[in-house]
Structures are given as C-alpha cells and as structure tokens.
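Chemist: Pasting in a structure now, in structure tokens, and then I'll have a few things to ask.
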Amino acid sequence: MVMDITFKDVGYTYQVGTPFESRALHEINLTLRDHAFTAIIGHTGSGKSTLVQHLNALLKPTSGTVTIGDRVITPETNNKNLKPIRQKVGMVFQFPESQLFEETVAKDIAFGPMNFGVSEEESLKRAKEMVQLVGLKDAVLERSPFDLSGGQMRRVAIAGVLAMKPEVLILDEPTAGLDPEGRRDIMGMVQRLHQENQLTVILITHLMEDVANYADQVVVMENGGVVKVGTPREVFSNVQWLRDKQLGVPETAAFADQLIKKGFQFKQMPLTETELADELLPQLPQAGRNDNVE
Amino acid sequence: MSNKLLLGRFIPGDSIVHRLDPRVKLLMSFYFVGIIFLADNWQTYLFLFLFTMVAILLTKIKLGFFIKGVRPLIWLILFTVLLQMLFSSGGTVYWSWGPIVISSYGVVNGIYIFMRFVLIIFMSTLLTLTTPPLSLADAIESLLKPLKVIHFPVYEVALMLSIALRFVPTLMDETEKIMNAQRARGVDFGEGNIFQQMRAIVPLLIPLFVSSFNRAEDLATAMEARGYQGGEGRSKYRVLSWQLADNLTILAFALVTVVLVILR
Ligand SMILES: Nc1ncnc2c1ncn2[C@@H]1O[C@H](COP(=O)(O)OP(=O)(O)OP(=O)(O)O)[C@@H](O)[C@H]1O
Ligand SMILES: [Mg+2]
C-alpha cells in the first residue's frame, strides 16, 4: 500500500479554549511521499515536533485534515482504532531513552510488537535482530535497560520502535547529545533502513550536514508554518536566506559561499567535501603545487 | 489531558487582587469559609454572593474559569443538596413518600447549601488563579514561622513545599511526553477493562519514577554545589511586603462580617 502522508490546511493549537492557548501550526500544506527521506529543519520552537506528532495521530489537527495512507484524520476523528496507523508509522521521540521501563532490554524491545498483536516468541526474535541492527551486542539483551550508558539506551529505544516493523520511521533529533561516532552510527543505520528496507524516513535535525548527506527532501519551518520545501541543494543554495531564518548551512556550503564572495564560481552549491573539491580544484591557479607554502 | 488538569492553575495578570500579599489572600480565604456559616437567610446569602462577584470582577479573570472550578465537584454538591432536600422536614410539605419528604424548609436549605459550596469554591479558585504557587508557599512559610518556638521545622517544610509545587508542571509535561512515547508503541491509555487500564499504567509510572529520582538527585547536587545550607539567616529572593491594599482587604472582610451579623 502507498503510504503518502498529506497535510491539507492543517492548523494546531495547544490547550484550545484556555488562556494558555498557543498556536503551534497554521495552514500547513505538505506531502511526504512514500519511500522518501525527508528532513525537517527550523529554529527551536518552530513547530517541528508538533508537526510530526500528526503523522501517527498522536495529535489531531485542530483545523484541516491529515491523510495517512488511506486514513483521513480530521479534528473530529475518534481516538479509537488509531493503532494500525501507529504500527505503520513508528516514532522515535526526542530523548527516547526516557520511555524504557522493562526489566530487560529484550522485553523492552518486544513491548511494541506485542502491543500490536505479535506473539511473544516472534517479538523476542525481533528484539534479537534489532539489537544487532542498532549496533549493540547480544549480551545486552538480558541486562536491565537502566544499567546501560545513555548512548546504549538511545539505541535500545530506537530498536524498540524498529521492532514494530513500521513502514514510516520518524526520528525527532535522534542524535542529540551523542558523540560524533554515535551520531555517524545511528545516521548510517537510518540510511541503510531507508535504502535497503525502503523505509520512508522523516528526520528532524539541527545538523545541516545530516540533511546534506542523507535527505532527498527538506522542509523548512518557521513560526508554525512551512516556509520552503525543496531538495537540499535548492534549500542550501541561498545561504543568506537560511541565516535570516536563524538556520545554519553545511560547512561546505558556508565555505563555498565565502569563496563566491571572493569571486569564485560554482555550477551548483557543493554539499559534500568531494563536490567542493571537484569544483574548486580547476579554479585554483596553483592547484596541486605546494612549493609556495610558507 | 493537560486541559483537565488546568483547574485552579495560576493565570498571570496585573489586577489589584493579583498584587495583594499572598498571606492576606490565604488568610482571608480561610476566614471566608468561617464567616459563610454566619449566613442564614436570603439577604445574607445575596450579600455574600454580591461580595464574591465584586472580588471576581476585581481579578479581571473571566467568570468561566471560576465556574470550571465547580465542575469537578458538581456531583458531590448535588448529592449533598439532594440529601438535604429529601430528608429535612419543616414548613410546608409539598410531597412525601415514607421517610422522604420534600418540604419548603428542605428546598430552601438545599439552595443555601448549594450557595455555600459555590461561594467557597469561587473564593478558593480566586486564591489559586491569582497567586503563583511559589508565592503561596512563601505565604505558608511566613505564616508558620511562629511555630518555630515548638521546634516545628518551618524552613524544611517550606522548602519541600516549594520544590513540590515547582515540579508539578515539569512532572505533567514529562507524563505527557512519556504517554505519547508509549502510545506510539501501541499502548492504549484509558481503554479496555480496569485490569487492562492498570497494566497500561506500568510503562508510564516506571519511567516517571526513574526520571523523578534522577531529577531529585541532580537538584540536590546542584543545591549543594551552590552551598545551600538552608534554615536560619537565609535571605529571600521573593520578599513579601504588606501594603495599604492588604490592610484595606482585611478591613473589607471585617465590614462584611459586621454586615452579616446585622443582616442575619
Ligand atoms: N504541550 C504543549 N503545550 C503548549 N504549548 C506547547 C506544547 N508543546 C509545544 N508547545 C509550543 O508549540 C510551539 C512549537 O513547539 P515544538 O515542540 O513543535 O517546537 P520544535 O520545532 O520541535 O522545537 P525544538 O527544536 O526546540 O524541539 C512552541 O512555541 C511551544 O512553546
Ligand atoms: Mg522538538
């Protein structure tokens, strides 16, 4: 089944009808295609987390409609029978390690699938698979999740969502607070899931390098609205515009931007170091010669 | 979820009631519960009702928020009123069936009790809507101070109270977050039979406990690192100051008492 997700004129207000009302989203029109890798970027408080919680009906729009595959969610939608959506759309929250609760890692990972009616035996089998997938050793399966390091807990929490075998995977800043290697590991794993298992991935991140390296579509948010949708190259080609939105650009793009101001020319905005080097080399008068190093 | 827990939450504002000393508001709320028992006829109830309405007007907060305060208790109130109506006799009897009598006396008493409940709830809602929880804790500390002579641990109790109050919103956010995370893993909260519902609570409570203990430990470390000693000689960031308006408030309540005594 095609799992396109479409937002039509979606608005969301927290705590409607109270003096604490705060409008977090307005007039969102957006399509997230099946099998795409979408990155959502935006200044803190721009509504990214609120937006993605609509993708598995944890939040229902206060106006407009969200279509998830063949299910239409409107403000009137009943809270019952949302489970099939939640199984298909797996969600890894910001700091997901706070959701661990079982005695052992294996049981915690098996918790999700068992809630969706998978047998205990099959769920524990998946737990074993997933632990390897997220780069942990089999030995952790029988340990208490509370005895693990922060980074290991994060991986267990991600494994717990992957074990549900979702078709869409949402990750809300999955690498926040991890060391560079942990970051690379997790992003590498997400990319493999996207490429090998055809998972639709939606990634919220503040790391523009990750956007440049992995995403094929970028959604830029500001003050609860979507201000731009495009490929990473389209979005990152206007460095000044992004800075105005209080967003960064990948180091390579920032570097290229500086060079452009100094008179260099680029056919397209380089997003990776290789691209940058390839375009830069022919323009350097003494490329490859190092006899004038001081 | 969080909408339901809104009840009695502080609503920031700049009205004269907001600016009153929290000690006055606390004391007068209790005092009001006391004097409401002086009311015994329609004139006194009407007078107290008008007084309460004026107080509410002064807060510049919509009446709706006060009425919302009554809602969770409405069944208890109606039950009490019904008991009063059905089982007290006297005056003209309208209808009777065995021990159950509806009399004019019962009906009037029922209405009075209803008024009493509503006015008390309005006044205490007024206190919590216009006073930040931490100011309330300060007020309690200040009012308990005399108990130090009998070695009551005033500072410690006040500190516990303010920490508890400070972390209520944090804990509520945390609860919401963990509930959402577990919902995403297929938990249905508030569905199914009582046994299933209790089971659904476990994946919520354990992470909540773990994070609360971690937070408590962090807080203790942070306080020690900053040299917290507690107790004697510690100055306060929020200083309570008694002003003319506070004296006038007390005067107003004294006048209300006098009027009540005259009218009853
Ligand atoms: N539970 C809530 N109650 C009320 N307002 C909320 C709640 N959660 C978020 N908001 C508000 O909604 C807006 C969007 O918040 P959201 O969490 O979606 O931002 P974000 O883009 O994910 O930010 P960050 O990058 O910091 O995670 C913010 O202004 C925030 O204050
Ligand atoms: Mg967020």
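Chemist: Grab the strands (runs of 3 or more DSSP E) fully contained in segment A:20-100, keeping just those with 1 or more residues being closer than 18 Å to A:Val168 by Cβ and within 13 Å of chain B (Cβ to nearest Cβ).
Modeler: A:89-92
Chemist: Okay, next question. Where residues in segment A:194-219 are surrounded by fewer than 18 Cβ atoms within 10 Å (Cβ to Cβ) and free of Cβ contacts under 8 Å to residues at least 40 places away in the same chain, which of them is nearest to A:Lys125 (Cα to Cα)?
Modeler: Restricting to residues being surrounded by fewer than 18 Cβ atoms within 10 Å (Cβ to Cβ) and free of Cβ contacts under 8 Å to residues at least 40 places away in the same chain, the top hit is A:Asn197.
One line per residue, one yes/no per condition, for (1) under 15 Å from the mean Cα position of the chain (by Cα); (2) closer than 28 Å to B:Gly192 by Cβ; (3) within 14 Å of ligand 1 (Cβ to nearest atom); (4) modelled with pLDDT under 95:
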{"residue": "A:Asp4", "(1), (2), (3), (4)": "no, no, no, yes"}
{"residue": "A:Thr18", "(1), (2), (3), (4)": "no, no, yes, yes"}
{"residue": "A:Arg23", "(1), (2), (3), (4)": "no, no, yes, yes"}
{"residue": "A:Thr31", "(1), (2), (3), (4)": "no, no, no, yes"}
{"residue": "A:His35", "(1), (2), (3), (4)": "yes, no, no, yes"}
{"residue": "A:Thr38", "(1), (2), (3), (4)": "yes, no, no, no"}
{"residue": "A:Asn56", "(1), (2), (3), (4)": "yes, yes, no, yes"}
{"residue": "A:Ile73", "(1), (2), (3), (4)": "no, yes, no, yes"}
{"residue": "A:Arg86", "(1), (2), (3), (4)": "no, yes, no, yes"}
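Chemist: Among the residues of segment B:157-176, are any part of a loop (DSSP other than H, G, I, E, B) and touching a residue at least 60 places away in the same chain (Cβ under 8 Å)?
Modeler: no
Chemist: I want to confirm something. Restricting to segment A:6-16 and keeping residues that are touching a strand residue (DSSP E or B) at 6+ places or on another chain (Cβ under 6 Å) and within 11 Å of ligand 1 (Cβ to nearest atom), which single residue is modelled with the lowest pLDDT?
Modeler: A:Tyr14
Chemist: Determine which member of the set B:Ile150, B:Ile140 is of a type outside the set (S, T, N, Q) and in contact (Cβ under 8 Å) with a residue 60 or more places away in the chain.
Modeler: Just a single option satisfies the conditions, and that option is B:Ile140.
Chemist: Could I ask something else about it? Take the conditions at positive phi and either surrounded by fewer than 20 Cβ atoms within 10 Å (Cβ to Cβ) or out of contact with any His (no Cβ under 9 Å at 6 or more places or on another chain) (or both) and apply them to A:Gly117. Does it pass?
Modeler: Judged against the criteria, A:Gly117 is a match.
Chemist: Being closer than 19 Å to B:Glu176 by Cα and surrounded by fewer than 20 Cβ atoms within 10 Å (Cβ to Cβ) is the requirement here; does A:Ser22 meet it?
Modeler: On the way: closer than 19 Å to B:Glu176 by Cα: yes; surrounded by fewer than 20 Cβ atoms within 10 Å (Cβ to Cβ): yes.
Here the answer is yes, as A:Ser22 does meet what is asked.
Chemist: Please verify whether A:Met221 is within 16 Å of ligand 1 (Cβ to nearest atom) and touching a Pro at 6+ places or on another chain (Cβ under 6 Å), treating the condition exactly as stated. If you could, list the steps in order and put the result at the bottom.
Modeler: On the way: within 16 Å of ligand 1 (Cβ to nearest atom): yes; touching a Pro at 6+ places or on another chain (Cβ under 6 Å): no.
For A:Met221, the condition - within 16 Å of ligand 1 (Cβ to nearest atom) and touching a Pro at 6+ places or on another chain (Cβ under 6 Å) - is not met.
Chemist: Can you spot a residue in segment A:102-111 that is within 30 Å of A:Tyr12 (Cα to Cα) and either modelled with pLDDT under 95 or hydrophobic (A, V, I, L, M, F, W, C) (or both)?
Modeler: No; the residues of segment A:102-111 include none that is within 30 Å of A:Tyr12 (Cα to Cα) and either modelled with pLDDT under 95 or hydrophobic (A, V, I, L, M, F, W, C) (or both).
Chemist: Could you check segment A:118-232 for strands (runs of 3 or more DSSP E) lying wholly inside it with 1 or more residues that are within 15 Å of the chain's Cα centre (by Cα) and within 16 Å of ligand 2 (Cβ to nearest atom)?
Modeler: By residue number, A:168-172, A:200-204, A:217-222.
Chemist: Just one of the numbered conditions (1) more than 14 Å from chain A (Cβ to nearest Cβ); (2) at pLDDT 85 or above; (3) within 30 Å of B:Lys145 (Cα to Cα) is not true of B:Leu171; which one?
Modeler: (1)
Chemist: Return yes when B:Gly230 is within 14 Å of another protein chain (Cβ to nearest Cβ), outside any helix (DSSP H, G or I) and modelled with pLDDT under 85 and no when it is not.
Modeler: no
Chemist: Can you pull out every residue in segment B:229-244 that is within 21 Å of B:Ser135 (Cβ to Cβ) and without any contact (Cβ under 8 Å) to a residue 60 or more places away in the chain?
Modeler: B:Ser235, B:Tyr237, B:Val239, B:Leu244
Each row is one residue, and each column tells you yes or no for (1) away from ligand 2 (no atom under 16 Å from the Cβ); (2) surrounded by fewer than 21 Cβ atoms within 10 Å (Cβ to Cβ).
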{"residue": "A:Tyr12", "(1), (2)": "no, no"}
{"residue": "A:Arg33", "(1), (2)": "yes, yes"}
{"residue": "A:Ala39", "(1), (2)": "no, no"}
{"residue": "A:Thr44", "(1), (2)": "no, yes"}
{"residue": "A:His54", "(1), (2)": "no, no"}
{"residue": "A:Leu58", "(1), (2)": "no, yes"}
{"residue": "A:Thr62", "(1), (2)": "yes, yes"}
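Chemist: Just name the residue that is nearest to A:Lys165 (Cα to Cα) out of those in segment B:182-220 that are of a type in the set (A, V, I, L, M) and touching a residue at least 24 places away in the same chain (Cβ under 8 Å).
Modeler: Among them, the one singled out is B:Leu204.
The values are calculated or read from the model by the stated rules, or taken from the named source; none is laboratory data. What you are looking at is a predicted structure, and each value in this text was computed from that prediction instead of being measured. Positions of Cβ are backbone-derived with ideal geometry, glycine not excepted, and every protein chain shown enters the neighbour counts.
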